[in-house]
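First up is the structure itself, then whatever we jot down about it.
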């Protein structure tokens, strides 16, 4: 069975990425495995890691976009209440999505207003602490919210909590990928196919 044929480096790379490795697993495939070199394994390992990193990054981007969508839903209702609600029912709370250290932050804050000398009001915001080792803000953090805000915040916060858990799981996944890459780097230290393609992927 001809596993690899002669060709350019690009053609060889494509063949490595599309190779059916399951065909090389059995003891009967010894002859076919003779055509596979350390360079081929190193190249396949680099392609594998690069693909995992790309997929993890794309998932993080989707995660943040999903959180932003939840925030959009909150602000849409907030704007509606400002336009159609009674003055005493105006919203006091706000939300913000951030990406910090490759981790999702879905934050809440409370708005305050200070009377200015000219009779106007100066707004300022106070960040609400979620607490550590938890994915959900406590309900007591929103005890001063209006009735409609409490219902809305509870709904949005349930979505946020799951997204925070996903972000934490994704962080652990990325750490596992990094550890596995270290093992591959150790195993393929003498092969430029692994280290050189790594540098290329980081450009």
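The values are calculated or read from the model by the stated rules, or taken from the named source; none is laboratory data. Please read all numbers here as calculations on a predicted model, not as lab measurements. Ideal geometry is used to build each Cβ from the backbone, glycine not excepted, and the neighbour counts take in all protein chains shown.
Residue-wise test of (1) outside any helix (DSSP H, G or I); (2) surrounded by 15 or more Cβ atoms within 10 Å (Cβ to Cβ).
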residue: 66; (1), (2): no, yes
residue: 79; (1), (2): no, no
residue: 95; (1), (2): yes, yes
residue: 104; (1), (2): yes, yes
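Considering 131, 119, the condition of being farther than 29 Å from residue 59 by Cα and at pLDDT below 95 is satisfied by 119 alone. Filter region 16-26 down to residues that are modelled with pLDDT of 85 or more and part of a helix (DSSP H, G or I) and give me whichever is nearest to residue 184 (Cα to Cα). Per the stated criteria, the residue is 21.
Of the residues making up region 27-43, those that are in contact with a helix residue (DSSP H, G or I) (Cβ under 8 Å, 6 or more places away or on another chain) and either in a helix (DSSP H, G or I) or free of Cβ contacts under 8 Å to residues at least 12 places away in the same chain (or both) are 29, 32, 33, 39, 40, 42, 43.
Restricting attention to region 92-116, the residues being touching a residue at least 40 places away in the same chain (Cβ under 8 Å), in contact with a strand residue (DSSP E or B) (Cβ under 8 Å, 6 or more places away or on another chain) and closer than 30 Å to residue 61 by Cβ number 5.
Considering each residue of region 134-151 in turn, none proves to be surrounded by 10 or more Cβ atoms within 10 Å (Cβ to Cβ) and under 23 Å from residue 52 (Cα atoms). Selection of region 109-128 for residues being out of contact with any helix residue (DSSP H, G or I) (no Cβ under 7 Å at 6 or more places or on another chain) and within 30 Å of residue 168 (Cα to Cα) yields 109, 110, 111, 125, 126, 127.
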